[in-house]
Every structure is written in structure tokens, then in C-alpha cells.
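Read the structure below first, then the notes.
The values are calculated or read from the model by the stated rules, or taken from the named source; none is laboratory data. Being a predicted model, the structure only gives us computed values, none of them experimental. Reconstructed Cβ throughout: ideal geometry from the backbone, glycine too, with neighbour counts over all protein chains shown. Only protein heavy atoms, including side chains, enter the accessible area calculation; ligands, DNA and RNA are left aside. Shrake-Rupley method; radii C 1.70, N 1.55, O 1.52, S 1.80 Å.
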Amino acid sequence: MTEPQTPSVPPLKVAIIPVTPLQQNCTLVWCTKTMRGAFIDAGGDLALLRQAIAKTGVTIEKLLVTHGHIDHCGSTGIFARELGVPIEGPEEADRFWIARLNDDGRKYGIDGEVFEPTRWLHDGDTVTIGDCVLDVVHCPGHTPGHVVFFHAPSRFAIVGDVLFQGSIGRTDFPLGNHQQLLDSITQKLWPLGNDVTFVPGHGPVSTFGQERQTNSYVSDYILS
Ligand SMILES: [Zn+2]
């Protein structure tokens with residue numbers, strides 16, 4: 001007797017939607033079992049995000065935020081009110097960035113509105129999306145309250161503006177710190193594993209292993 005073959009469905013699915021004039025990678029992440037999901041970094045262009053909801057049929061249960069920059073969370077408060085869902089993240093050290101969202105929105109042509117997260121996050125916290133549990137990793141340097149979301153079973157992370165394919169986040173903003181960013185990458189992200197695929201805040205996806213080999217700022221060779 002042979003077992004019937006069941007197609008393997010990944011527990012998490014992801015759709016990347018670049019938003020705002022800065023082409024920030026807003027990511028829709030959903031649990032395939034429950035079809036419940038969350039947007040991470042709903043910075044703007046809410047019409048595009050509504051289209052993604054309609055196309056996928058996902059029920060949005062929360063909005064997650066990596067850090068307080070206008071392109072990442074300018075419209076998060078507006079969208080949370082519209083959807084009637086909570087906001088989780090970033091870490092509270094980014095409060096001063098969130099306080100600037102109305103002003104920065106005018107400057108960058110993004111619908112920006114100050115909000116108060118339902119839940120500030122801390123290093124070592126977990127957040128849920130449907131039945132999936134993601135780890136919260138505090139990675140300061142680009143901003144002091146920047147967090148990364150990691151789903152260990154899928155070997156998948158969303159890292160905001162900490163790390164990009166071939167580059168790293170800017171540290172010339174208030175409370176930015178270059179050495180702190182390097183430490184976040186090498187001491188918080190690399191230990192998660194070379195096989196981890198990540199969505200950065202801008203540009204194409206990559207893996208930690210690829211960046212350790214080729215990144216001009218944080219490859220093992222450059223840092224050795
Ligand atoms: Zn940023």
C-alpha cells in the first residue's frame with residue numbers, strides 16, 4: 001500500500017510590492033493554512049496594497065513595521081485605521097522618526113501620518129502571522145529602533161534597511177551609527193544562517209550567504 005502523495009505547501013507565502021517614489025519593498029506575508037496575513041512596511045501607495053489583498057484573498061490581521069522612516073511606515077497609521085487592525089513595531093527608539101511622518105510625508109510626496117503602534121517590539125519578541133511565528137531581531141545602526149523579522153522554518157527574513165543586495169543601510173541620519181550597523185549585521189543576522197533568503201527594504205532579494213561572499217561592505221573578506 002502506498003501513501004497518497006500530498007503536495008507540499010509552504011507555511012508562508014510572500015508578495016513584494018514596491019511602494020512610494022523611493023520604491024520601498026512593502027511585503028505581504030501570509031500563512032497558507034489560515035490565509036491570514038500582514039503587510040510589513042506599508043509605506044504608501046495604498047491602492048496597490050488593496051489590489052494585493054484582492055488578488056491573494058488574504059485577510060489582513062496586522063501591520064508590521066521594521067523602522068520609522070517615511071517610505072516604510074508613512075501610510076501605516078492610515079491603513080491600520082482603514083483595515084481596523086493593530087500595528088506592531090518598530091522598537092521604541094524609533095519614536096522620534098514616527099513623530100516626523102507628517103512633515104517627512106510633505107517633503108517626499110508620501111501620505112505620511114504620525115501613529116502610535118499598538119505594540120512596540122523588543123529583541124527576542126515573537127510576532128504571529130496566522131499560525132506562523134516570526135522572531136523579532138533588534139538591529140540598530142540605520143535607525144536606533146530598527147527590527148528584522150525572521151521565520152526560522154522557512155529560512156526567510158525581512159530586514160528593512162539594515163542590509164541590501166550588495167550594500168548596507170545609510171548611517172548618516174540622526175542616531176545612525178555605522179559600527180552599530182556592522183555589528184547588527186555580523187552579530188545578529190549572520191548567525192541566523194547562510195541559507196536565509198531575505199527581502200531588503202529596496203532592490204532585489206538575496207541570501208545572507210551570498211552577501212557574506214560578495215557584499216562590498218560586509219563580506220567576510222572585506223571585514224577580515
Ligand atoms: Zn530607512
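When the criteria are applied in full, residue 22 meets the requirement of being open to solvent by 70 Å² or more (accessible area, probe 1.4 Å), within 14 Å of the ligand (Cβ to nearest atom) and touching a helix residue (DSSP H, G or I) at 6+ places or on another chain (Cβ under 8 Å). Consider the range 94-114 and keep the residues that are within 16 Å of the ligand (Cβ to nearest atom) and not in a helix (DSSP H, G or I). The one that is surrounded by the most Cβ atoms within 10 Å (Cβ to Cβ) is 112.
Give the range 160-218 a look and list any residue that's assigned to a helix (DSSP H, G or I), in contact (Cβ under 8 Å) with a residue 24 or more places away in the chain, touching a Ser or Thr at 6+ places or on another chain (Cβ under 7 Å) and open to solvent by 70 Å² or more (accessible area, probe 1.4 Å), or say none. 178 - this is the single residue of the range 160-218 that is assigned to a helix (DSSP H, G or I), in contact (Cβ under 8 Å) with a residue 24 or more places away in the chain, touching a Ser or Thr at 6+ places or on another chain (Cβ under 7 Å) and open to solvent by 70 Å² or more (accessible area, probe 1.4 Å).
Looking across the range 190-224, just one residue is modelled with pLDDT under 95 and of a type in the set (Gly, Ala, Ser), and that is 224. Condition (residue is farther than 20 Å from residue 156 by Cα and either among the hydroxyl-bearing types (Ser, Thr, Tyr) or open to solvent by 10 Å² or more (accessible area, probe 1.4 Å) (or both)) applied to the range 124-131: is it met by at least one residue? Scanning the range 124-131 turns up no residue that is farther than 20 Å from residue 156 by Cα and either among the hydroxyl-bearing types (Ser, Thr, Tyr) or open to solvent by 10 Å² or more (accessible area, probe 1.4 Å) (or both).
Just checking, does the range 44-54 include any residue being closer than 18 Å to residue 202 by Cβ and either at pLDDT below 95 or within 16 Å of the ligand (Cβ to nearest atom) (or both)? Yes: the range 44-54 contains one or more residues that are closer than 18 Å to residue 202 by Cβ and either at pLDDT below 95 or within 16 Å of the ligand (Cβ to nearest atom) (or both).
Scanning the range 138-193 for residues that are touching a Pro at 6+ places or on another chain (Cβ under 7 Å), within 14 Å of the ligand (Cβ to nearest atom) and within 24 Å of residue 31 (Cβ to Cβ) yields 147, 159.
Set side by side, the residues 125, 94, 103, 111 differ, and just one is in contact with a Gly (Cβ under 8 Å, 6 or more places away or on another chain), acidic (Asp, Glu) and without any contact (Cβ under 8 Å) to a residue 24 or more places away in the chain, which is 103.
Checking each residue of the range 60-80 against the condition of being touching a residue at least 24 places away in the same chain (Cβ under 8 Å), at positive phi and within 16 Å of the ligand (Cβ to nearest atom) gives no match.
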